[in-house]
Amino acid sequence: MRVGILTGGGDCPGLNAVIRAVVRTLELEGDGAETVGILGGFLGLITDRTLPLAGSAVSGLLPRGGTILGTSNRDNPFDFDGLIDGARVTGDVTDRVVATVRKHGLDAVVVIGGDGTMSIADRFSGLGVPVVGVPKTIDNDLSATDQTFGFDTAVGICSEAIDRLHTTAESHHRVMVVEVMGRHAGWIALHAGMASGGDVILIPEIPFSFDAVAAAITARRDRGKNFSIVVVAEGAAPAGGEPIFYRTVATGFDKGRLGGIGQVVAMEMEERVGLEARTTILGHVQRGGTPSSLDRILATRFGVCAARQVLAGNFSTMAALRGQRVVPVPMADAVAEPNLVDPQGELVSVARATGIHFGEV
């Protein structure tokens, strides 16, 4: 048996742990089944770039961040726009993907990625390509699984950074605004803000008011707290407004790259409250480095589950954490709708009970 494996979307702590688990499980439980690494995400299937994987090739990968296979979030085979053999190619190139799968005699492809990657994998499943998915995203926004690997590491990185900013904020009597990742879902901001004692948390699921945030900070100052910590997800937006996107010199505003809301919040708070405000954008540091022990274990569990589904011929499924167990679920369920923070949910209620403000109008 020959099985392909690829990593799609943004990189994430724990990807290598999944690769390791898939390779070892297939070798040990699949009577020596072979694993073929596909380089650069779906682009590797489009351009036929592969790497043979064996137990020796994945030795030492458990604590290593990133992905040894490389990844991409721009190469959708159903709507491709890029270079192939030096020539610009646009449109549907799924025939190339199918040809690569057949050329290498792949009996299945294990696809590791977030919502975009899972959506593409689900469409290939409809074309008859045997696919099994593994949910990966630091945003934790994939439905059908209670948690994705990479999320715990990102929260830990953000929490440590906010802890460090506390002392500077208190020493200089400043408002420290920390911008974290979270395009549509505010899970990182919510968890990191709660874990590190944030005073205001702004997330995409709860539209906020600058005046309400300023009022919360002013109330703290009136109680003798001359500093505040504001944690804001990159996709958060004021009520009636739009998220902030990066502006590039070449193309103007890039609607695919969120970022900058932290600076806007800081400027508004300086004007409204009168305290000096500074912004820290954690950016891609949240994706990098060694995965936490929880993410290493969860990634390994996902990889073993995916390999076992391949061996059982249970395709069009995705490994998912349900309660205390990792089980296969229909891949279509994973991409049906995003996993968002419930504004009326228990976690938000607990945050409010401990004095955290969400900037509501």
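In degrees, nearest 10, range 0 to 90: what is the angle between the Cα axis of helix 115-126 and the longest Cα principal axis of the chain?
Result, in degrees: 30.
For the chain, modelled as a GNM with alpha-carbon contacts under 10 angstrom, which of 332, 239, 195 fluctuates the most?
239
Calculate how steeply helix 94-103 sits against the longest principal axis of the alpha-carbon atoms of the chain, using the helix alpha-carbon long axis, and give the answer as 0 to 90 degrees to the nearest 10.
50
Quote the relative contact order of the stretch 155-287 in percent (integer), defining contacts as alpha-carbon pairs under 8 Å separated by 6+ residues.
Numbers: 270 pairs, mean separation 43.1, N = 133.
Reported as a whole number, the value is 32 percent.
Kindly identify the stretch 82-221 as rounded, prolate or oblate by the Cα gyration tensor criterion: order the square roots of the eigenvalues as a ≥ b ≥ c, call it rounded if a/c is under 1.5, otherwise compare a/b with b/c, prolate if a/b is larger, else oblate.
Working: a/c = 3.06, a/b = 2.74, b/c = 1.12.
Prolate is the answer for the stretch 82-221, as a/c is 1.5 or above and a/b outweighs b/c.
Under the 0.36 nm per residue contour assumption, what length would be gained going from the current alpha-carbon distance of residue 272 and residue 163 to full extension?
36.7 nm is the gain from fully extending residue 272 to residue 163.
With N set to the residue count of the stretch 155-287, report its C-alpha Rg divided by 2.2 N^0.38 Å to two decimal places.
The stretch 155-287 yields a ratio of 1.00.
Can you pull the Kirkwood radius for the stretch 57-121, inverse mean 1/r over Cα pairs, to one decimal in Å?
Computed over the stretch 57-121, the radius equals 14.1 Å.
Normalised by the residues of the stretch 1-123, what does the relative contact order come to in percent, with Cα pairs under 8 Å and at least six apart?
After rounding, I find 35 percent.
Angle between the Cα long axis of helix 210-222 and the longest principal axis of the chain, 0 to 90 degrees, nearest 10?
60
Measuring from the lowest to the highest alpha carbon on each principal axis, how far does the stretch 48-157 reach, largest first, in angstroms?
43, 34, 28
What fraction of the DSSP beta bridges in the chain is antiparallel, stated in percent and rounded to the nearest 5? Display every interim value, and only then the final one.
On the way: 20 of 53 bridges.
Beta bridges within the chain, antiparallel portion: roughly 40 percent.
Between 15, 62, 275, find the one with the highest GNM mean-square fluctuation for the chain; connect C-alpha pairs within less than 10 Å.
Most flexible of the set in this elastic network: 275.
Going by a ≥ b ≥ c, the root eigenvalues of the Cα gyration tensor, does the stretch 5-60 fall in the rounded group (a/c under 1.5), the prolate group (a/b larger than b/c) or the oblate group?
Oblate is the answer for the stretch 5-60, as a/c is 1.5 or above yet b/c matches or exceeds a/b.
Read-outs throughout are calculated quantities, based only on the coordinates presented, and are distinct from any laboratory measurement. Every value quoted in this text rests on a predicted model; they were computed, and no experiment measured them.
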